[in-house]
Amino acid sequence: MRNISTLLASLPFALIAQTTWQVEAGGSLTDPNNLPYYDPMDLVIEVGDAVNWTNVGGTHNIYGELDMFPDNPEGFGNGDPAQAPWTFSYTFTIPGVYGYHCTQEFNGQLHSTTQHGEITVVDPSAVHENTALGNLLMFPVPVDGQLSISLEGASISTVEVMSIDGRLLLQRSVGSRPSTTLDLSSLASGRFVIRLTNDQGLAVVRPFVKN
């Protein structure tokens, strides 16, 4: 496991300060045991958080511009691929899901085959709101055991619970229903993220706290 550090703030969830997340870039198409990579590939962060990429070896870049990722809430990137060492930081201020990859090529092969990532940016302030999928209600939050979820005006196909660093902890197929209940009593206390997906693949992502 590559050494990845995450700087977590110590304030309460509702008052949390900016967090800077560290992502490592490296690898080479000339080494089949160390192909181009981002580590971690997926992150779940909050509005106002920053991501800092560090290139530890090889020629890479960060490219999440709208010409390649039109569904990104906004484009971001650090220009053309460049040799290590370099760092690049970007602060995410708009909620949503952001894709990105490396645009480097070698002998007609693309780094992006293995070197790609996704950043989900969530707004921690809302648990009862209108979303693109419908009127979302989650209760109780913070949760002790049972978390009830409803999505008025839409159906839920899949529910996923993730750690704040993007690790999938629970996945459940709901079967296109507007509401469901999750038993989260086995989760440790802390901050988590829930992602609801409908039959068309559209998703809404929100954070919550487990007591």
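Read-outs throughout are calculated quantities, based only on the coordinates presented, and are distinct from any laboratory measurement. Fair warning: this is a prediction, and the values are worked out from it, not measured in the lab. Here Cβ is always computed from backbone atoms with ideal geometry, including for glycine, and neighbour counts include all displayed protein chains.
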For the residues W53, W21, what sequence is obtained by ranking on other C-beta atoms within 10 Å, fewest first?
-> W53, W21
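Quick one: length gained pulling W86 to Q18 fully straight, 0.36 nm per residue minus the C-alpha distance? Write down the numbers at each step before the final one.
On the way: separation 68, 0.36 × 68 = 24.48 nm, distance 2.24 nm.
Contour length minus Cα-Cα distance gives 22.2 nm.
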Taking H placed 1.01 Å from N in the peptide plane, check which residues at least 5 places from Y38 or on another chain put their amide H under 5 Å from its amide H.
-> H116
Roughly how many nanometres apart are two label points built 7 Å out from the Cα toward the Cβ at D183 and Q109?
-> 4.7
In the chain, with Lys and Arg counted as +1 and Asp and Glu as -1 at Cβ, which of these residues, L66, I94, S179, has the Cα nearest the positive end of the dipole, that is, farthest along it?
-> S179
Net charge of Cβ neighbours under 13 Å - reference G75; Lys, Arg +1; Asp, Glu -1 | -4
Whole-Hz couplings from phi, Karplus 6.51/-1.76/1.60, listed for the stretch 140-148; x for Gly and Pro | x, 9, x, 10, 9, x, 8, 10, 8
Structure-derived log10 I(q)/I(0) by the Debye sum over Cα atoms at q = 0.07, 0.14 Å⁻¹: which label, when the choices are (1) -0.21, -0.87; (2) -0.31, -0.86; (3) -0.24, -0.88 = (3)
Note, the stretch 45-54: 3J(HN,Hα) by Karplus (6.51, -1.76, 1.60, θ = phi - 60°), whole Hz, Gly/Pro = x, goes 10, 10, 3, x, 6, 10, 10, 10, 8, 10
Show the residues, 5+ positions off or on another chain, whose built amide H is closer than 5 Å to the amide H of T103.
-> N61
In sequence order, what are the phi-derived ³J(HN,Hα) couplings for the stretch 30-35 according to the Karplus relation 6.51 cos²θ - 1.76 cosθ + 1.60 with θ = phi - 60°, rounded to whole Hz, with x for glycine and proline?
-> 7, 10, x, 8, 8, 5
Order of Y90, Y37 - criterion: other Cβ atoms within 10 Å of each residue's Cβ, fewest first | Y90, Y37
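Give the order of D80, D165, D49, D67 when sorted by the count of other beta carbons within 10 angstrom, beginning with the fewest.
So the residues, fewest neighbours to most, are D67, D80, D165, D49.
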Coarse-grained scattering of the stretch 6-122 at q = 0.11, 0.22, 0.23 Å⁻¹, given as base-10 log I(q)/I(0) from a Debye sum over alpha-carbon atoms = -0.36, -1.22, -1.31
